[in-house]
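Novice: This is the structure I want to talk about, given as structure tokens.
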Amino acid sequence: MSRKRLLFGLLVSTALACAGCVGSAAGTDAPANTTAQSVPQKVSNDPVTLLVYLGASVSDEDFKLLFADPVQKKYPNITLKSVAPAKGTTINELIASGTIPDLITTPNADMLGYKQQDLLYDIAPLLKQNKIDLSRFLPATIDAVKSDKGEVWAVPYAMQFDTMYYNKDVFDKFGVAYPKDGMTWDNAIELGKKVTRKDGSVQYRGLDVVSSYLMSFPFALPYVNGKTNKSAMTDPKWKSVFEITKQIQTIPGNEPPKPEPGASTEADYFIKDKNIAMLVSVNLMVQMGSAGEKGLN
């Protein structure tokens with residue numbers, strides 16, 4: 001299946017108790033083995049607030065536009081309230097305080113952790129009951145939210161993508177041609193060498209990749225062998241990923257800064273400091289749009 005990162009809205013084990021059934025209220029616990037057939041079918045119009053944990057980051061504007069407003073338009077008695085991970089509001093801290101989210105947004109890579117915390121609920125019966133046509137979705141996105149037993153834990157709402165962003169001003173400064181579509185890693189590394197230079201007090205880095213994890217996606221590489229339950233990092237393709245990472249990070253002058261508490265991220269270096277020529281990263285289109293308005297070329 002596709003190794004693009006997928007973002008999902010997950011129903012947790014309390015969600016059915018909060019979806020408008022008689023006597024429900026946000027935070028009411030539902031038994032882990034409850035089935036859709038056993039949930040009361042009588043619908044209440046009493047006001048209810050559902051807590052949405054933003055395990056996958058969603059801006060306030062997008063949460064209102066894509067989630068809260070459409071739900072309230074169709075169900076005026078239902079209000080969605082979001083909570084983002086922070087000190088005091090991590091998922092573990094919320095569970096410990098008894099504030100169990102009703103819904104969770106998360107990358108599919110994090111779903112196993114929620115399963116181990118007994119937060120996931122099989123919504124397959126509900127999808128069938130409400131005639132939700134799963135053929136509307138790309139098959140890979142549905143496969144990614146199913147358990148080995150065929151349970152459906154989530155509904156996909158977005159797909160992540162990875163791409164290369166480049167700063168035209170850095171290339172113009174050094175008289176180097178812009179990157180082109182279809183480059184190999186070897187091409188990108190050689191181009192990165194040409195724009196890795198020091199100009200005055202500023203060290204320009206030619207090429208940065210946010211993580212080796214991102215670079216492994218085209219190979220669809222797991223961390224653990226599911227059959228043996230042992231590390232899969234000995235796969236020759238992982239070796240290739242790490243060798244490419246080493247080539248990038250050992251270009252003289254292109255070494256990544258040593259991380260410090262509160263230090264800038266790769267996106268900050270590219271967007272704010274403007275000292276990275278090419279950045280390979282996840283979807284940063286929102287940040288890039290606002291940065292463009294502030295002069296990032």
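Novice: Give the residues of region 67-99 that are of a type in the set (Ser, Thr, Tyr) and farther than 21 Å from Leu120 by Cα, sorted by residue number.
Specialist: Answer for region 67-99, where residues must be of a type in the set (Ser, Thr, Tyr) and farther than 21 Å from Leu120 by Cα: Tyr75, Thr79.
Novice: Report, ordered by the first and then the second residue, all pairs with beta carbons closer than 9 Å, sequence separation of six or more or different chains, a first member in region 134-150 that is under 16 Å from Asp110 (Cα atoms) and touching a residue at least 60 places away in the same chain (Cβ under 8 Å), and a second member that is β-branched (Val, Ile, Thr) and surrounded by 14 or more Cβ atoms within 10 Å (Cβ to Cβ).
Specialist: Val145/Val152; Val145/Val155
Novice: Under the condition of being touching a helix residue (DSSP H, G or I) at 6+ places or on another chain (Cβ under 8 Å) and hydroxyl-bearing (Ser, Thr, Tyr), which residue from region 193-239 is nearest to Lys168 (Cα to Cα)?
Specialist: Tyr204
Novice: Across region 142-186, which residue is nearest to Ala267 (Cα to Cα) among those that are surrounded by 11 or more Cβ atoms within 10 Å (Cβ to Cβ), among the acidic types (Asp, Glu) and at pLDDT below 90?
Specialist: Asp162
The values are calculated or read from the model by the stated rules, or taken from the named source; none is laboratory data. This structure is a prediction, so every number in the text was calculated from the model and none was measured. Positions of Cβ are backbone-derived with ideal geometry, glycine not excepted, and every protein chain shown enters the neighbour counts.
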